[in-house]
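Here's the structure we're looking at; comments come further down.
The values are calculated or read from the model by the stated rules, or taken from the named source; none is laboratory data. Please read all numbers here as calculations on a predicted model, not as lab measurements. For neighbour counting, all protein chains shown are included, and Cβ atoms are generated from backbone atoms with ideal geometry for every residue, glycine included. The protein model used for the area step is the full one, side chains on, heavy atoms only, and it has no ligands, DNA or RNA in it. Shrake-Rupley method; radii C 1.70, N 1.55, O 1.52, S 1.80 Å.
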Amino acid sequence: MSEGEFSVIEFYDNGTHAYVARELDAKSAVELAKACIDTALVIGGVVNQIVITDGGGFTAFQWERGKGIVFTERS
């Protein structure tokens with residue numbers, strides 16, 4: 001995977017979502033996702049899900065409120 005290939009996205013209670021950042025390297029994406037999770041846990045009730053997607057749009061990482069990190073199978 002190349003540099004600048006990952007995006008961090010937050011999904012909110014009201015059904016909307018927003019890109020927190022795009023075109024990050026893998027390490028930066030994971031660090032940002034962790035910071036977002038820590039904030040979501042402190043605030044509570046606003047963010048339902050945080051994901052990291054790769055350049056192809058596939059979910060590389062997923063966190064869900066009440067479940068923690070969710071491991072999904074790629075088909």
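Look through Phe6, Phe11 and report the one residue that is open to solvent by less than 50 Å² (accessible area, probe 1.4 Å), touching a residue at least 40 places away in the same chain (Cβ under 8 Å) and not hydroxyl-bearing (Ser, Thr, Tyr).
Being open to solvent by less than 50 Å² (accessible area, probe 1.4 Å), touching a residue at least 40 places away in the same chain (Cβ under 8 Å) and not hydroxyl-bearing (Ser, Thr, Tyr) holds for just one of Phe6, Phe11, which is Phe6.
Exactly one of these conditions fails for Val30: (1) open to solvent by 80 Å² or more (accessible area, probe 1.4 Å); (2) modelled with pLDDT of 95 or more; (3) more than 14 Å from Thr59 (Cβ to Cβ). Give me its number.
The failed condition is (3).
If Asp38 satisfies all but one of (1) exposed (fewer than 13 other Cβ atoms within 10 Å of the Cβ); (2) more than 15 Å from Arg65 (Cα to Cα), what's the number of the condition it fails?
Here Asp38 meets the rest and fails (2).
Out of the range 14-27, which residues are open to solvent by less than 100 Å² (accessible area, probe 1.4 Å), in a loop (DSSP other than H, G, I, E, B) and either in contact with a helix residue (DSSP H, G or I) (Cβ under 8 Å, 6 or more places away or on another chain) or farther than 15 Å from Gly55 by Cα (or both)?
Hits for the range 14-27 are Gly15, Thr16.
Considering only residues that are of a type in the set (Ser, Thr, Tyr) and within 9 Å of the chain's Cα centre (by Cα), which ones fall in the range 41-75?
Residues satisfying the conditions are Thr53, Thr59.
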